[in-house]
Amino acid sequence: MTATGQKLIITLASKNEGKRRELMHWLAQSELPIEIALNEGADDVDETGSTFLENAWLKAGQTVPVPGSCLVLGEDSGMVVDALDGRYGISPFPGLYSNRWLTPAIRDELLGRSIPNRMPLDRVTETGVTNSDLCHGVLSLMEGESNRAARYCCGMALWHTKLGKCFEALESTELRIIEGVPRGMNGFGYDPITVPFEEAGPADIPLSCERTMAELSVEEKNRISHRGRALGKLVAYLREYQNP
């Protein structure tokens with residue numbers, strides 16, 4: 001993959017420390033000499049793509065790598081809730097707008113107030129909407145709804161500053177939206193209100209299907225998550241990667 005003892009630095013096209021930690025945890029299990037770095041000074045990329053993968057490529061191709069890095073990893077992910085398709089003119093909902101559908105006006109209409117973030121890695125949008133607002137907003141829209149089916153989707157793209165496109169993957173995880181209140185202090189995003197449909201396996205580390213994604217350990221979550229599955233494919237690619 002690289003010269004002996006030489007660490008491969010991959011710039012993450014994101015300022016989300018929670019996402020970086022999740023990626024690094026997975027890569028650490030691979031024992032590959034890789035470091036994921038954030039470029040805190042990089043400009044935000046307009047997510048104008050029509051799919052998660054298109055947005056991942058936009059981020060990867062437009063983010064300036066940190067010094068010593070020639071690879072940029074773009075990742076775009078979100079949640080799709082079947083019963084809310086078409087709400088606020090968004091289809092699938094919230095889909096590509098997972099972090100943007102809840103404007104302050106819609107938040108005030110649904111919740112009446114802003115709810116402080118629960119978990120340290122959660123963010124606040126430029127318009128002042130918290131991640132807890134997003135979770136409670138979905139729960140409010142789902143009140144009385146019997147169809148709780150949802151899914152996480154992830155598009156992942158690796159860009160080389162000289163060679164261009166190197167790798168891409170598109171993965172998903174089937175979920176169910178909980179009833180009640182958000183649960184768990186791990187993860188980020190919609191993790192406190194989603195329960196996986198799937199068992200994590202192997203049998204020596206069982207996964208209760210009543211725990212939210214935010215109640216799972218990082219190891220359990222990575223085995224079934226959309227991002228973890230895409231990362232598994234990325235690791236397979238990086239094992240054969242030769243830095244030109």
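Computed over protein heavy atoms with a 1.4 angstrom probe, the accessible surface ordering of C154, C166, largest first, is C166, C154. Put +1 on the Cβ of each Lys and Arg and -1 on the Cβ of each Asp and Glu in segment 8-127; which of F93, T63, L8 then has its Cα farthest toward the positive end of the dipole? With unit charges placed on the Cβ atoms, the residue in question is F93. Which residue, H136, H25, H160, has the most motion in a Gaussian network model of the chain that connects Cα atoms within less than 10 Å? Taking springs between Cα atoms under 10 Å, the residue moving most is H25. With the charge dipole of the chain set up from +1 on Lys and Arg Cβ and -1 on Asp and Glu Cβ about the Cα centre, the Cα lying farthest toward the positive end among the listed residues V80, M213, P120 is that of P120.
Under the convention that each Lys and Arg Cβ holds +1 and each Asp and Glu Cβ holds -1, the size of the dipole of segment 114-168 around its Cα centre is about 320 debye.
Rounded to the nearest 10 degrees, the angle from helix 17-30 to the longest Cα principal axis of the chain is 50 degrees.
Once you sort the root eigenvalues of the Cα gyration tensor of segment 48-142 as a ≥ b ≥ c, which label holds: rounded (a/c under 1.5), prolate (a/b larger than b/c) or oblate (the other case)? Oblate shape, in that a/c is at least 1.5 and b/c is the bigger or equal ratio. Applying the Kirkwood pairwise sum to the alpha-carbon positions of segment 14-93 produces a hydrodynamic radius of 14.5 angstrom. Rounded if a/c is under 1.5, else prolate if a/b beats b/c, else oblate: with a ≥ b ≥ c from the C-alpha gyration tensor eigenvalues square-rooted, which is segment 98-244? Judged from the Cα gyration tensor, segment 98-244 comes out oblate (a/c at least 1.5, b/c at or above a/b). Dipole orientation for the chain: of the candidates L163, I178, G137, L163 has the Cα lying most toward the positive pole (charges on Cβ; Lys, Arg +1; Asp, Glu -1).
Could you tell me how many degrees, from 0 to 90 and to the nearest 10, lie between the Cα long axis of helix 52-62 and the main elongation axis, the longest principal axis, of the Cα atoms of the chain? It works out to around 50 degrees. Using just its DSSP H runs of length 4 or more, each adding -39500 (n - 2.57), the chain gives a mean residue ellipticity at 222 nm of -8000 deg cm²/dmol after division by all residues.
Among E54, E210, E171, the largest mean-square fluctuation in a Gaussian network model of the chain, built with springs joining Cα atoms closer than 10 Å, belongs to E210. The fraction of accessible area contributed by carbon and sulfur in the chain is 51 percent, rounded to a whole number (1.4 Å probe; ligands and nucleic acids excluded). Assuming charge only on the beta carbon of Lys and Arg (+1) and of Asp and Glu (-1), the dipole of the chain about its Cα centre is about 440 debye to the nearest 20. Taken about its Cα centre, segment 105-244 carries a charge dipole of about 500 debye when Lys and Arg each add +1 at the Cβ and Asp and Glu each add -1 at the Cβ. Averaging the sequence gap over all C-alpha pairs within less than 8 Å and six or more residues apart, then dividing by the number of residues, gives the chain a relative contact order of 19 percent.
The values are calculated or read from the model by the stated rules, or taken from the named source; none is laboratory data. Keep in mind the model is a prediction, meaning the values are calculated, not measured. Using ideal geometry, Cβ is built from the backbone for each residue, glycine included, and neighbour counts are taken over all protein chains shown. Remember, those area values only see protein heavy atoms, side chains included, never the ligands or the DNA or RNA. Shrake-Rupley method; radii C 1.70, N 1.55, O 1.52, S 1.80 Å.
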